[in-house]
Amino acid sequence: MSSYAGPVQDLIDELGRLPGVGPKSAQRIAFHLLKIPTADAARLAHAITEAKERVTFCPRCFNIAEGGECSICADPRRDTTTICVVEESRDIVAVEKTGEYRGRYHVLQGAISPIEGVGPEQLRVRELLARLEDEGVTEIILCTNPNLEGEATAMYLSRLIKPLGIKVTRIASGLPVGGDLEYADELTLGRALEGRREVSEG
Ligand SMILES: [Zn+2]
């Protein structure tokens, strides 16, 4: 259905590749961009290139950073014996907002999803295991999303890490099931974190 002239269709196609943007939305955003002043469109394009050029991933936890370690790993006041495992960098923002957590993080950059062909080897699991000994970790908090993929990922990791003699906990239920961590309000997420339970099944 490429019914528009070259550059317009290219724009629609590119927008349509973004997560959560269907063909209809892609079309709507494209025509919106064509109508706005050139300076506004240039600012958006610049923000994208700037972010792509300057933002890197922390070599330790894979959170977003600006070259080198992220601000959390570089903070000497953080407790290095606890790692909160999340799916994406944006989940760190959600946990940080609760003000309940003072440890470090590890971003998996996704979750196990057989349907989408994502297995543990596509995630930052190996890097997490390497950190356990290096950083003297005593507790791993599994803070993956309360949906099918997040639960499968948490179960996989607990089976992997518990035998190593490290305490593995999972955030408490009470979060909206099937939802994303980022949609939970601070109070609910804070409570889920506080009420985390040791994963019993090894
Ligand atoms: Zn980091």
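The values are calculated or read from the model by the stated rules, or taken from the named source; none is laboratory data. Treat the numbers as computed from the prediction; the structure is a model and nothing was measured. The area values use the complete protein model at the heavy-atom level, side chains included, leaving out ligands, DNA and RNA. Shrake-Rupley method; radii C 1.70, N 1.55, O 1.52, S 1.80 Å.
With θ set to phi - 60°, apply the Karplus curve 6.51 cos²θ - 1.76 cosθ + 1.60 along the stretch 183-192 and write out the HN-Hα couplings as whole Hz, x wherever there is a Gly or Pro.
With coefficients 6.51, -1.76 and 1.60, one gets 8, 6, 6, 4, 5, 5, 5, x, 5, 5 Hz.
Compute the angle between helix 148-161 and the longest alpha-carbon principal axis of the chain, please, reported from 0 to 90 degrees and rounded to the nearest 10.
40
Determine ³J(HN,Hα), in whole Hz, for all residues of the stretch 40-53 in sequence, where each value follows from phi through the Karplus function 6.51 cos²θ - 1.76 cosθ + 1.60 and θ = phi - 60°; x replaces Gly and Pro.
For the stretch 40-53, the Karplus curve yields 5, 5, 5, 5, 5, 4, 5, 4, 5, 5, 4, 4, 5, 7 Hz.
Which one of Gln109, Gln27, Gln122 has the biggest mean-square fluctuation once the chain is modelled by GNM with Cα springs under 10 Å?
Most flexible of the set in this elastic network: Gln27.
Rounding to the nearest 10 and keeping the result within 0 to 90°, find how far the Cα-based axis of helix 6-16 lies from the longest principal axis of the chain.
Computed tilt is about 20 degrees.
Using modelled amide H (1.01 Å from N, peptide plane; none on Pro or chain starts), what sits under 5 Å from the amide H of Thr56, excluding residues fewer than 5 places away?
For Thr56, the qualifying residues are Ala65, Glu66, Gly67.
Looking only at Leu18, Leu132, Leu33, which one moves most when the chain is put into a Gaussian network model with springs between Cα atoms under 10 Å?
Leu18
Of the candidates Ile92, Ile29, Ile115, which one comes out as most mobile in a Gaussian network treatment of the chain with C-alpha springs shorter than 10 Å?
Ile29
Could you give me the percent of Cα pairs per 5 Å distance bin for the chain, shortest bin first, beginning at zero and ending with the bin that holds the maximum distance?
1, 7, 13, 16, 16, 14, 11, 9, 6, 4, 2, 1, 0
With θ set to phi - 60° and the Karplus curve 6.51 cos²θ - 1.76 cosθ + 1.60, what are the ³J(HN,Hα) couplings of the stretch 65-76 in order, to the nearest whole Hz, using x for Gly and Pro?
In residue order, the calculated couplings are 8, 10, x, x, 6, 6, 5, 6, 4, 7, 7, x Hz.
For His106, which sequence-distant residues (separation of 5 or more, or a different chain) have an amide H within less than 5 Å of its own amide H, given hydrogens modelled in the peptide plane?
Cys84, Val85, Val86
Quick check for you: with a 1.4 Å probe and neighbouring chains kept, what is the accessible area per residue of the stretch 74-157, in Å²? Write down the numbers at each step before the final one.
Numbers: 3860 Å² over 84 residues.
That works out to 46 Å² per residue.
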